[in-house]
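**Q** One structure follows; several queries about it will come next.
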Amino acid sequence: MEQQVTDFFRTDYMPHGHCYLWKPDILWLNVISDAAIAAAYFTIPFVLYLFVRQRQDIRFGWMLYLFAAFILCCGITHLFGIYTVWQGAYGYHGIAKAVTAIVSLSTAYVLIKILPDLISIPSLSEYAKHKDLVYRAELDRLELIREQERLATVRLAVEGSPFGMLVTDALGHIRMVNTALTRMFDYDEQDLLNEHVNTLLPPEQRSHHRKLVEEISVGIRSSGLMTSRVVYGLGKTGKKIPVEVTLYRSELDGEVRVFATVVDISERLSYQAKLVEANDRFERVISGSRDAPWEWYPADNSNWFSPRFLELLGWPANAPAHIDTWKEHIHPDYLDKVMTHLREHVELGNKYDINYLGRAADGTYHWFNTRGDSQRDEQGNLIVMSGMVSDVQDEKELEAALMHKTAFLESVFTGASSGLLVLDWREDDEVWVSAINHRFAAMLGLDASQLEQQPLSLLEKLDRSGVLCRLRDYLSGNVREDGESGTFGLVHAVEGRWFQIDVHPISDVLGDWFRVVVSSSDVTELKYAEQRLESALKEKVSLLNEVHHRVKNNLQIVSSLMDIQSRQVKKEEQAALSDLKNRIRAMALIHELLYQNDSLASINLQSYVNRLVNLIGDTLSKSSREQLNLNLIDEGKPLNININQMVPLGLLICEAVTNAFKYAFHDRQGTLTVRMERRNGLLQLEVCDDGPGFDNALFENASLSSQLGFTLMKTFAKQAGFSIQVDGQKGTCVKLSELAIE
């Protein structure tokens with residue numbers, strides 16, 4: 001078997017060239033022909049491969065691959081034919097032919113099998129017709145895609161629209177809504193689909209709206225009649241919403257569709273209401289104002305006059321709206337001046353604001369003021385001019401009266417018998433002299449022209465009297481308290497005369513001074529009179545002190561005489577004399593404190609009580625004084641009492657202290673408490689001891705014949721202007737309250 005295989009693949013068989021007898025012409029003809037056929041057979045499969053790769057839409061592409069293999073095998077057999085011309089390798093040549101035969105048969109078999117399919121391949125005309133159908137189908141497909149895109153765009157536009165949109169059928173059932181409409185009425189989309197459109201309307205509008213929709217649905221009423229119809233919609237929460245509805249009827253696939261656009265006009269109605277209110281307010285303001293608006297349009301030389309303008313000038317409502325109409329109202333003497341002023345504004349852009357005489361509504365000439373401004377284009381040409389006219393007759397009359405008053409005040413300022421100086425603060429906080437009359441300047445020894453409109457700091461160097469220097473210190477706060485005004489001192493001025501300087505500040509809304517009026521008055525005679533009065537007063541004070549001193553001495557003599565007399569009377573009568581002596585000493589103490597005090601009109605109550613207690617204690621017995629603990633309580637402030645009130649009050653205190661020594665501290669040690677203070681300006685006084693007390697009925701029933709001390713206390717309290725209460729339950733306490741003067 002091995003020998004047979006070896007023999008099959010032997011290459012030493014007789015070459016095929018021997019068959020050609022090695023004739024070159026025959027040999028090379030066959031060799032070149034086989035080579036050319038092989039080259040063609042190798043090229044054709046490659047081309048078929050490239051064709052199938054580029055045309056993947058070919059239905060039988062795999063068949064072309066099979067043809068390519070068949071042709072490639074045929075090319076290989078031709079190459080082996082060339083090889084066997086010189087080499088006798090017929091075994092290999094046979095294998096190549098066998099492979100070619102197998103591939104050829106397979107190709108033939110497959111070709112026969114698919115012959116019906118190949119026959120069914122359309123012809124060129126059929127292909128062209130089919131191609132046209134495919135092309136049309138593709139166009140329809142692309143058109144469908146474009147329609148779908150257009151519908152998607154429309155849907156997006158509908159969904160993105162700020163306006164509510166819905167579509168209903170002929171019966172009014174909702175087939176489509178957008179997001180804006182569901183948001184407007186607070187519904188979900190599924191809540192509205194297939195519901196009747198009347199769901200979105202209040203009950204009172206449903207029947208009328210249903211009839212209108214039916215008329216549009218059947219074409220009786222055109223959709224134009226339903227454009228911009230304002231109705232009220234009904235939200236899911238029951239809230240009524242003002243909306244503007246536009247309906248449009250159309251037919252799709254034989255079905256009637258009604259398209260509705262719904263716009264929420266709540267804000268528009270609110271703006272309209274505000275606009276009407278603002279317009280009404282503007283008309284009320286203009287009606288109540290003295291200003292009358294107007295406008296002038298240079299393009300056609302026409303005007304607009306407000307109702308207030310016509311009323312102010314007394315023109316009828318149908319007055320020609322023309323500038324010549326206004327010119328006729330101007331007084332002839334002022335017409336050229338006003339028109340020149342207007343022309344300068346138009347041509348040069350100057351400010352337009354002028355007063356003139358014009359005929360008013362009452363037929364007389366009044367002073368008017370007209371003012372305005374212009375709107376211009378990019379080239380500076382005037383488009384419209386707007387302004388106001390005001391009747392300023394009252395202001396002119398006030399101005400004239402003010403000028404007259406100013407002239408009067410200037411004459412008063414110049415001719416005043418007192419010196420006057422006006423100072424103003426400037427922006428640099430420097431004080432300047434705004435005005436000065438000749439009397440104030442004469443006081444300074446200067447001329448008024450030297451002082452006016454000059455800084456105060458500069459004028460101080462010229463003033464020999466020193467007045468301005470002291471005045472500057474006063475204004476800078478060195479010798480004054482902010483916000484105060486008045487006299488700041490007497491100044492010894494020129495030629496040994498005395499002048500009183502008064503400062504009268506004028507403040508702004510913040511309380512800061514911005515102007516000061518300074519006046520000077522010659523008070524030389526008053527100064528001399530004051531000196532004479534002071535001298536006389538000193539003499540009278542000395543005399544009054546002497547009187548009080550002598551009264552006090554006389555009372556002391558009386559008290560001493562009573563001491564002498566008490567030695568000669570019976571023992572039971574000595575107590576009465578002792579009480580009387582204490583009363584005299586209480587009055588003497590008042591006169592002693594008066595002439596020892598700087599003031600002759602009042603006495604310090606604390607000092608008086610302290611000395612009176614010691615004096616009474618020494619009078620009664622030394623042992624009683626030593627047993628006393630005086631507790632003086634006050635509010636820490638001096639309590640001064642006038643002499644008219646002090647005499648009865650001192651006697652009353654004397655009675656209370658005397659009783660305490662006699663009854664509370666007899667053979668015992670105790671405490672006397674005196675409390676004094678002012679409440680709401682009224683004196684409150686308490687004299688209390690810690691003795692055994694007494695029956696309150698004794699004080700209530702006291703009379704001249706019994707309980708004389710209590711009777712005197714009541715009398716003294718009334719004379720001093722006090723109410724009195726005496727409590728004897730726990731010790732004795734005398735409470736005095738000053739009565740308010742009605």
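The values are calculated or read from the model by the stated rules, or taken from the named source; none is laboratory data. Keep in mind that this is a model prediction, so the values were computed, not measured. In this analysis, Cβ positions are derived from the backbone assuming ideal geometry, glycine residues included, and neighbour counts consider all displayed protein chains. Each accessible area value is taken on the protein alone, full model and side chains, heavy atoms only, with ligands, DNA and RNA left out. Shrake-Rupley method; radii C 1.70, N 1.55, O 1.52, S 1.80 Å.
**Q** With the Cα gyration tensor of segment 245-284 in hand, give its eigenvalues times 5 under a square root as the equivalent ellipsoid semi-axes, listed largest first in whole angstrom. Before the final figure, lay out the partial values.
**A** On the way: eigenvalues 344, 12, 3 Å².
Ellipsoid semi-axes (Å, largest first): 41, 8, 4.
**Q** Which whole-Hz ³J(HN,Hα) couplings does segment 180-196 yield from phi under the Karplus relation 6.51 cos²θ - 1.76 cosθ + 1.60, θ = phi - 60°, glycine and proline marked x?
**A** Result, rounded to whole Hz: 4, 6, 5, 5, 5, 9, 6, 10, 8, 4, 5, 5, 9, 4, 6, 7, 6.
**Q** Under a 5 Å amide H to amide H cut-off, with H placed in plane at 1.01 Å, what residues pair with S302 once short-range neighbours are removed?
**A** Those lying under 5 Å, H to H, from S302 are Y297.
**Q** Using alpha carbon centroids, what distance separates segment 93-119 and segment 673-715, in Å?
**A** Here the two parts' Cα centres lie 159 Å apart.
**Q** I'd like the antiparallel share, as a percent to the nearest 5, of DSSP beta bridges with both residues in segment 648-716.
**A** Values: 8 of 8 bridges.
Roughly 100 percent of the beta bridges in segment 648-716 run antiparallel, per DSSP.
**Q** How many times 2.2 N^0.38 Å is the alpha carbon radius of gyration of segment 144-202? Mind dumping the intermediate values first?
**A** Working: Rg = 12.5 Å, N = 59, 2.2 N^0.38 = 10.4 Å.
Cα-based Rg divided by the globular estimate yields 1.21.
**Q** Please calculate the 1.4 Å probe accessible area of W28, with all protein chains present, and give it to the nearest 10 Å².
**A** 130
**Q** If you don't mind, another one. For segment 367-421, with every protein chain kept in place, what is the accessible area per residue (1.4 Å probe, Å²)? Don't jump to the answer; show the numbers that get you there.
**A** Details: 3460 Å² over 55 residues.
On a per-residue basis, segment 367-421 sits at 63 Å².
**Q** Give, as a single signed number, the net charge of other residues whose beta carbon lies under 12 Å from the beta carbon of L144, with Lys and Arg counted +1 and Asp and Glu -1.
**A** Values: positive: R141, R146, R150; negative: E138, D140, E143, E147, E149.
Taking every Cβ under 12 Å from that of L144, the sum is -2.
**Q** Over segment 298-363, what percent of the accessible surface lies on carbon and sulfur atoms, probe 1.4 Å? Intermediate values should be presented prior to the final figure.
**A** On the way: 1870 of 3730 Å².
Its accessible area is 50 percent carbon and sulfur atoms.
**Q** In sequence order, what are the phi-derived ³J(HN,Hα) couplings for segment 298-304 according to the Karplus relation 6.51 cos²θ - 1.76 cosθ + 1.60 with θ = phi - 60°, rounded to whole Hz, with x for glycine and proline?
**A** Whole-Hz 3J(HN,Hα) from phi for segment 298-304: x, 4, 10, 6, 9, 10, 10.
**Q** What order do you get for 172-180, 449-457 when each peptide is scored by the mean count of other beta carbon atoms within 10 Å, highest first? Mind dumping the intermediate values first?
**A** Details: 172-180: 18.3, 449-457: 14.3.
Top to bottom by mean Cβ count within 10 Å: 172-180, 449-457.
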